[in-house]
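Reading through the structure tokens given below for one structure.
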Amino acid sequence: MQHPITPETRLATPASRLMHAMFRRRDPVGWADYHCVEDADGTFWVHTHGLRRRHLPDMEIAGVPHDMRGHAHQVLFGIAAHARTERPLSAHGELEGVFSAPSQNFRQAVTLYRAPHEDAAHGALLRIVDRDQPMESGFPRRLFASHLAAWAELQPDPARREAMCRRSLALFPGFFLEMNAGAGLRPDDPDLTDLQFRANLSACITLAGALFDQGRAREGFGYLEQAVARCPAWGRIHRDHILRHYRGEDRYYYFWREADITEICLRLRPANSMGMAPALAGTAGPDARRA
Ligand SMILES: [Zn+2]
């Protein structure tokens, strides 16, 4: 699809790109021309031209909502930087890595397809969609939900952090996972990749913290309960870890001290989704504590 190139379409002017390429060589802004083109349905087609000079394929994200345009550029920067340092990306396939923030405790996963454009300028683009989704699935909601969750953690202002988490959950509320999902997590250094991809766990937890920081403890407890209901095995491991190692006497600690995970699941999980709760060695439940 051909499109006009205007100041609105381009992320950076040629002069700005040149400055980045000369003086900030590790910044992906200078690696390519980034185009953002409005489609007939009001969403945006964000794509690159010129990454091949960096031995990377040009890429696109389709169906980007108006408020996600800037984040789409950030996601493309992250994927390009990851592909450049971690693994050459030359053909379509799966890609997994840390694309959004170095501090995030999950990896993100996408599938890449050769995009169906006929024109010479866009004929070699690879389309980024959520992992295991078809090319026609369009906007990668889970990827952007995880991107917002990762960035929200770095946001010092709790009101902005709350807004980012709520947008993340609106894009992808997450599923209620099977009762033993995440049962093998290491409590001191958990890899939340699977729980984030399927349940958007990180957004619930960070949103709870943002609400606590604004004095809205009751709402915050509600989102911690949502996190537990989505990922009960994680809840059990995390509660055990908090009770053993957490040094604060704050609302976060009180929540976990009082949390009855079975009761939360019975109340919040959809019917017929309970199954058997995982038995975890060394986990002291509420009944054990009362004994
Ligand atoms: Zn273009």
*In this structure, is Ala181 surrounded by 20 or more Cβ atoms within 10 Å (Cβ to Cβ), modelled with pLDDT under 95, aliphatic (A, V, I, L, M) and in a loop (DSSP other than H, G, I, E, B)?*
yes
*at pLDDT 95 or above, among the aliphatic types (A, V, I, L, M) and crowded, with 23+ Cβ neighbours inside 10 Å: does that describe Ala199?*
yes
*Members of the range 130-174 found to be in a loop (DSSP other than H, G, I, E, B) and farther than 13 Å from Ser202 by Cα, listed by number*: Arg131, Asp132, Gln133, Pro134, Gly138, Phe139, Pro140, Gln155, Pro156, Asp157
*Taking Ser103 and the conditions (1) hydroxyl-bearing (Ser, Thr, Tyr); (2) surrounded by fewer than 17 Cβ atoms within 10 Å (Cβ to Cβ); (3) within 16 Å of the ligand (Cβ to nearest atom), which numbered condition does it fall short on, given that it satisfies the others?*
(3)
_Looking at the range 112-121 only, could you name the residues that are more than 14 Å from the ligand (Cβ to nearest atom), over 22 Å from Gln196 (Cα atoms) and surrounded by 15 or more Cβ atoms within 10 Å (Cβ to Cβ)?_
Tyr113
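Condition check ((1) farther than 23 Å from Arg131 by Cα; (2) modelled with pLDDT under 90; (3) assigned by TED's automatic domain parsing to the domain that holds Arg131) across all residues:
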position: Pro7; (1), (2), (3): yes, yes, no
position: Phe44; (1), (2), (3): no, no, yes
position: Ala62; (1), (2), (3): no, no, yes
position: His71; (1), (2), (3): no, no, yes
position: Gln74; (1), (2), (3): no, no, yes
position: Ile79; (1), (2), (3): no, no, yes
position: Arg87; (1), (2), (3): no, yes, yes
position: Asn105; (1), (2), (3): no, no, yes
position: Gln108; (1), (2), (3): no, no, yes
*Looking at the range 39-71, which of the residues that are touching a residue at least 60 places away in the same chain (Cβ under 8 Å) and touching a Cys at 6+ places or on another chain (Cβ under 9 Å) is farthest from Ala149 (Cα to Cα)?*
His47
*Can you name every residue in the range 38-64 that is within 16 Å of the ligand (Cβ to nearest atom), of a type in the set (A, V, I, L, M, F, W, C) and farther than 20 Å from Leu18 by Cβ?*
Phe44, Trp45, Val46, Met59, Ile61, Ala62, Val64
*All but one of (1) surrounded by 19 or more Cβ atoms within 10 Å (Cβ to Cβ); (2) hydrophobic (A, V, I, L, M, F, W, C); (3) within 16 Å of the ligand (Cβ to nearest atom) hold for Ala124, so report the exception by its number.*
(1)
*Could you tell me whether Ala32 is touching a residue at least 24 places away in the same chain (Cβ under 8 Å) and away from the ligand (no atom under 12 Å from the Cβ)?*
no
*Identify, please: which residue in the range 1-41 is among the hydroxyl-bearing types (Ser, Thr, Tyr) and closer than 25 Å to Arg127 by Cβ and is, among those, surrounded by the most Cβ atoms within 10 Å (Cβ to Cβ)?*
Tyr34
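The values are calculated or read from the model by the stated rules, or taken from the named source; none is laboratory data. Keep in mind that this is a model prediction, so the values were computed, not measured. Heads up, the Cβs are rebuilt from the backbone with ideal geometry, glycines too, and the neighbour counts pull from every protein chain shown.
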